[in-house]
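Quick notes on the structure that follows.
Nothing in this text is a laboratory measurement; each read-out follows from the coordinates by a stated rule. These numbers come from a predicted model, not from an experiment.
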Amino acid sequence: PATAAASAAPPTPQQPAPDTGAADIHVQRGAAAPRLNAALQDGYQAFMAGDYATAAQQYANALRQDPNNRDALLGNATIAARRNDMAAAASGYQRLLELNPADADAQAGLLALRPGDLGHSEVRLKELLRRDPGAAPLEFALGNLYAQQGRWPDAQQAYFRAYTAMPDNADYAFNLAVGLDRLSQRKLALTYYQRALDLSRTSPAAFDRTAARRRADQLADSAQGKQP
């Protein structure tokens, strides 16, 4: 039915699930490097498992050794956002921007926390994308902004660009599926719901897996001629 797509749509646009340290550990010289690497790896594994308390503790350990470590700062900011601790999340993203004003994850994260005027946010995101074309977090944030306004063709295109840039991100795949679903492109939507669910088994994901699985089952049944 026409209303079924809403069952898998996120109540609010999902936050990106950034790389928080597994693939790009900041190696330092000296005896501190193994401890730093271990803290980041342990923090990332806990983050993937949804154990945010342990992840935050490990990232704090990493920051005691390297107060400017991007992976740990980004991990803590992301955890704070998922806990709805907006002040801590904003502080973390702002610290990242102090270290690197071009940090796309921090820019997108901060705009998501403080959307303000949607028109102004759109202009700002497009300006940032002109400086950093194809930045997946910025494209994803732009898609979320369009989704808030019900601009699904624009949202789907932005989500597609984000997913193309980072095809292993579960949330990007999920929101692309929702965008396609809203546009009644259900065969493609099913493909990306399934992709998102597969990715969520081995990488962090903010979307509701139960809703995604239910909607994928509905679309699969519909494709086989069953009533969803």
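Note on region 117-228: the alpha carbon radius of gyration divided by the globular reference 2.2 N^0.38 Å gives 1.09.
Across region 131-142, computed HN-Hα scalar couplings (Karplus, 6.51 cos²θ - 1.76 cosθ + 1.60, θ = phi - 60°) run 7, 9, x, x, 5, 4, x, 6, 4, 5, 5, 5 Hz from first to last residue, x flagging Gly and Pro.
The fraction of Cα-Cα pairs per 10 angstrom bin, counted from 0 for region 70-142, comes to 22, 54, 24, 0 percent, rounded to whole percents.
In the distance distribution for region 67-110, Cα-Cα pairs more than 16 Å apart total 21 percent. Size descriptor for region 34-99, Kirkwood hydrodynamic radius: 11.4 Å (Cα pairs only, one decimal).
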